[in-house]
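See below for the structure under consideration.
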Amino acid sequence: QNPKTSAIVKQLLAEGNARELQKYFGSRMEFGTAGLRAAMGAGISHMNDLTIIQTTQGFCRYLEKNFSDLKKRGVVIGFDARAHLSSGGSSKRFARLAANTFISQGVPVYLFSDVTPTPFVPYTVTHLKLCAGIMVTASHNPKQDNGYKVYWENGAQIISPHDKGISQAIEENQEPWAQAWDDKVIDSSLLLHDPYATVNKEYFKDIQKQCFYRNINKATNLKFVHTSVHGVGHKFVQLAFKAFDLSPPFAVPEQKDPDPEFPTVKYPNPEEGKGVLTLSFALAEKDGAKIILANDPDADRLAVAEKQESGEWKLFSGNELGALLGWWIFTCWKNNNRDTRAIKDVYMLSSTVSSKILRAIALKEGFHFEETLTGFKWMGNRAKQLMDQGKAVLFAFEEAIGYMCCPAVLDKDGVSAAVITAEMASFLATRNLSLSQQLKAVYDEYGFHITKASYFICHDPKVIQQLFDNLRNFDGKNTYPKTCGRFKVSGVRDLTTGYDSSQPDQKAILPTSKSSQMITFTFANGGVATMRTSGTEPKIKYYSELCAPPGNSDIEQLKKELDELVNALEKHFFQPEKNNL
């Protein structure tokens, strides 16, 4: 019943444009563990009023089956500032339609009255003991996209088999229910609650448990610039600084207010490198700020840049910031826990494609490190399991600039990560150390971990399938490569098929998934490289790392070795010319 998407479809029918109609209606968006992510527009392959209603009807029925007290506890729904004029879709509208669906079935809904960072949704699930949470956001995707992200009652993103169960329930509930389209009725409903004020108060109270140097924060002369890249982060990072007694960061004026057009950047993704930070650099130079903190548009990720002695800016990779935050959070924990026996219950996590620096710190310091599959859904669920066993999970991170620094949120959180980074930098400044110098000190103590990651774009799923089949049948059937250029392969783990050459029974320990491609190669020189497909973009990604034991300080030689390994990987395993990548 949306007049805009309806008109688009009628126009295509009038033109007899079968090709476009096939694109819109040929296949339904797939509901996976990341929920939905697609462009806004008409048809069942896009995010629009109808597909949001259908998805929420399915999710509602699935929750009814799983929770006898759903009508007592309810769900939370948050949204970012995305909007799409030509189809009339927006995150806020989708969130209201979703709320309407639940309320029509007698389920209480905690619907945020304004935009919030994504981490506020998992926080609210846990804090108010709700059955589930929905966040309407496409994070840092291009402006035409939107998404529907789902959290379970444990406050972590859903993992299998919930995605399959929800997907099945969506298929079974496609006809919109009686008042599905009339979202105005919710405004007078007693089942509608607004958690905005409560959560804003409680969240900032909870993250203060990670504030250890209030006096240094009050006194520091260090200046910070913050950009929310036209997303939702501005207000919340300002409040986080206030909660830590830090002077507010300078906000990039052109980017501080939410704008669904993202007018000053090509891609609203701070991971894409320095291009996104052009305006931040200019403001930092003008105001004499040393450090830039950049959130992605839904404020669940964080990028950090620091001005070097040379006047150049260094943009830290996700792995470098993970090393710094891991070191800092453990150091703070150690200083506040005099009982040496407590360390046996301390854990840190990172995903299998992230740097193994936390493993090196854990080995030397005596706490536990665990590796999970890629994505915070795995780290959040594992962290919750460990916490339920009485363990302390201090920190989890992944190389895609995602950090979980605070046990109150079991997902990546760019707001708490920003303010904790600011406190760490302020503390280091009292010791005349920069973040870059401290990073070097961490590597000196625990061994250099040099990483390099990139991706190839490929829009043809057949080519991707062929590329990975080729790696699995490299020298004849069911044989993996034994070398990559001049580098000898010493181990292979394939999490698509479940093969792991390093295990006695050759079966992988981590869960396997046939629906996505992922192979990790270990090399005789201490290098590791993982190739995998992306769940949300048409990319084949690779991640590589060289780990040196403490004391091997020839960093230039290590970098050269890693560069050569990556070149060989691209040439022999990706074969970009042959595969047209």
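General remarks:
- Take every DSSP beta bridge whose two residues both sit in the chain; close to 65 percent of them are antiparallel.
- Difference of contour (0.36 nm per residue) and Cα-Cα distance, Ile509 to Asp339: 57.9 nm
- Taken one residue at a time, the phi angles of the range 309-318 give Karplus couplings (6.51, -1.76, 1.60, θ = phi - 60°) of 3, 6, x, 6, 9, 9, 9, 6, 6, x Hz. Gly and Pro are set to x.
- A dipole drawn for the chain from +1 and -1 charges on Cβ atoms has a positive end, and of Val76, Ala180, Ala138 the residue lying farthest that way is Val76.
- Take the range 457-568 with all the other protein chains still there, run a 1.4 Å probe, and you get 52 Å² of accessible area per residue.
- For the range 3-189, the Kirkwood hydrodynamic radius comes to 16.5 Å, computed from all pairs of different C-alpha atoms.
- Among the listed pairs Lys266/Lys440; Lys440/Lys571; Lys143/Lys274, those beyond 27 Å (Cα-Cα): Lys266/Lys440; Lys440/Lys571
- Counting only protein heavy atoms and a 1.4 Å probe, the range 376-430 has 21 square angstrom of accessible area per residue.
- Surface share of carbon and sulfur [accessible, 1.4 angstrom probe, percent] for the range 409-469: 53
- Partner lysines for Lys23 [C-alpha distance under 17 Å; skip if fewer than 8 residues away on the same chain]: Lys10
- Both numbers refer to the Cα atoms of the chain; Rg and Dmax are 24.0, 75 Å.
- For the range 203-314, the extents of the C-alpha atoms along the principal axes are 39, 36, 20 Å, listed from largest to smallest.
- Taking 0.36 nm per residue of sequence separation and removing the Cα-Cα distance, the Asp187/Lys71 pair yields an extension gain of 39.9 nm.
- Of the two radii for the range 448-578, the radius of gyration is 0.96 times the Kirkwood radius, both from the alpha carbons; that is the Rg over Rh value.
- Cross-link pairs beyond the 30 Å C-alpha cut-off, checked among Lys377/Lys559; Lys164/Lys462; Lys242/Lys412: Lys377/Lys559
- Relative contact order (%) - the chain, alpha-carbon pairs under 8 angstrom, separation at least six: 11
- Accessible surface calculations at 1.4 Å, restricted to protein heavy atoms, place the range 76-219 at 38 Å² per residue.
- Given +1 at the Cβ of Lys and Arg, -1 at the Cβ of Asp and Glu and no other charges, the dipole of the range 448-578 around its Cα centre is 300 debye to the nearest 20.
- Among the protein heavy atoms, those of Lys4 account for about 90 Å² of accessible surface (1.4 Å probe, every chain in place).
- Dipole of the range 264-413, positive end: most advanced residue of Ile343, Trp378, Gly311 [Cβ charges, Cα centre]: Ile343
- FRET E, pair Asn580, Arg19, Förster distance 25 Å, beta-carbon r, rounded to 0.05: 0.65
- Carbon plus sulfur fraction of accessible area for the range 3-189, probe 1.4 Å, in percent: 52
- Helical runs (DSSP H, four residues minimum) scored at -39500 (n - 2.57) apiece and divided by the length of the chain put the mean residue ellipticity at 222 nm at -11500 deg cm²/dmol.
- Reachable lysines, given that their alpha-carbon falls under 18 Å from the alpha-carbon of Lys184 and they are not under 8 places away in the same chain: Lys92
- Model label sites at Ser113 and Gln168, defined 7 Å from Cα along the beta-carbon direction, differ in position by 4.1 nm.
- Note on the range 203-314: with neighbouring protein chains present and a 1.4 Å probe, carbon and sulfur make up 51 percent of its accessible heavy-atom surface.
- Accessible surface comparison of Leu363, Leu21, Leu349, Leu50, probe 1.4 Å, protein chains only, largest first: the order is Leu363, Leu50, Leu21, Leu349.
- Residue separation of Leu433 and Glu30 scaled by 0.36 nm, minus their Cα-Cα distance, works out to 140.2 nm of gained length.
- Bridging of Lys235 to aspartates and glutamates at a Cα separation below 16 Å is possible for Asp80, Asp114, Glu202, Asp245, Glu254, Asp257, Asp259, Asp296, Asp298, Asp300, Asp413, once same-chain residues fewer than 8 apart are set aside.
- Coordinate range along principal axes, alpha carbons of the range 403-473, Å, largest first: 55, 32, 20
- For Cys547, neighbours were defined as the other residues whose beta-carbon sits under 11 Å from its Cβ, and their charges (Lys and Arg +1, Asp and Glu -1) total +1.
- Rounded to the nearest 20 debye, the dipole magnitude of the chain is 580 debye, with +1 charges on Lys and Arg beta carbons, -1 on Asp and Glu beta carbons, and the Cα centre as origin.
- Cα-centred dipole magnitude for the range 319-446, charges only on beta-carbon of K, R (+1) and D, E (-1), debye, nearest 20: 260
The values are calculated or read from the model by the stated rules, or taken from the named source; none is laboratory data. Values in this document were obtained by computation on a predicted structure and should not be read as measured data. All Cβ positions, glycine included, derive from the backbone under ideal geometry; neighbour counts span all protein chains shown. Note: areas computed on protein heavy atoms with side chains; ligands, DNA, RNA excluded. Shrake-Rupley method; radii C 1.70, N 1.55, O 1.52, S 1.80 Å.
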